[in-house]
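Worksheet for the structure shown next.
The values are calculated or read from the model by the stated rules, or taken from the named source; none is laboratory data. No experiment lies behind these values; they were computed from the predicted model shown. Cβ placement follows ideal geometry from the backbone for every residue including glycine, while neighbour counts extend to all protein chains displayed.
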Amino acid sequence: MFEKETAQIEAFVRDYKQVYGVDPLELKWCAPCSNPNIPGTPQCGAVTKGKLIPKKYQSLFAGRAQVYLKVVLPRITNAYNYAICLHELGHVYTASRDEITANRWARKHALYWNQEMTNAALDGMQTYVRDGLISHNDYFNFKWELESDGKKVA
């Protein structure tokens, strides 16, 4: 189960070298994640590491200050974890720390999108809202966007 989703994530990791001309990402699978807002639940999807690019080479990477070398993702056992994987790769491919940007990338590249995936996207953002890193207004606008644009649903 979830072989197509796993294969897609592995292809994104492999294709990173072709897109950016650097060594492929190192992919590490970890235990499946659950709701990050419940204390004590395992989390691994939020772990990415970057390598700073010397300024003279940044033009090769579309002006990016860093490229990612490693991504740690939850094993895909459900749509929730699939969304987390896509979200983390959204950070990698967009070179953005912005949660909304990463979630938009995830949604755009998903094989399908369903309510469980919407829940994963919104759950992951709640800590940022609570800590004041994402405004309530931006959160609710993004929630509306997720729930209303007619993305393919599984």
Practice task
Say whether the condition of being modelled with pLDDT of 85 or more, surrounded by 15 or more Cβ atoms within 10 Å (Cβ to Cβ) and either in contact with a His (Cβ under 6 Å, 6 or more places away or on another chain) or within 29 Å of TYR139 (Cβ to Cβ) (or both) is met by at least one residue in segment 55-76.
Solution key: yes
Exercise for the section: Would you check if there is a residue in segment 14-23 being over 10 Å from the mean Cα position of the chain (by Cα), farther than 21 Å from LYS143 by Cβ, surrounded by 20 or more Cβ atoms within 10 Å (Cβ to Cβ) and at pLDDT 70 or above? Expected result: yes
Practice task
For segment 96-114, enumerate the residues that are touching a residue at least 24 places away in the same chain (Cβ under 8 Å) and surrounded by fewer than 18 Cβ atoms within 10 Å (Cβ to Cβ).
Solution key: HIS109, LEU111, TYR112, ASN114
Exercise for the section: Scan segment 105-114 residue by residue and report those that are out of contact with any Phe, Trp or Tyr (no Cβ under 7 Å at 6 or more places or on another chain) and closer than 8 Å to HIS87 by Cα. Expected result: ALA106
Practice task
Go through segment 115-132 and give me each residue that's in contact (Cβ under 8 Å) with a residue 12 or more places away in the chain, buried (at least 16 other Cβ atoms within 10 Å of the Cβ) and either in contact with a helix residue (DSSP H, G or I) (Cβ under 8 Å, 6 or more places away or on another chain) or over 13 Å from ASN103 (Cβ atoms) (or both).
Solution key: MET117, THR118, ALA120, ALA121, LEU122, GLY124, MET125, TYR128
Problem - Filter result for the condition that a residue is closer than 17 Å to GLU10 by Cα and either among the basic types (Lys, Arg) or modelled with pLDDT under 90 (or both), over THR48, THR41 - result: THR48
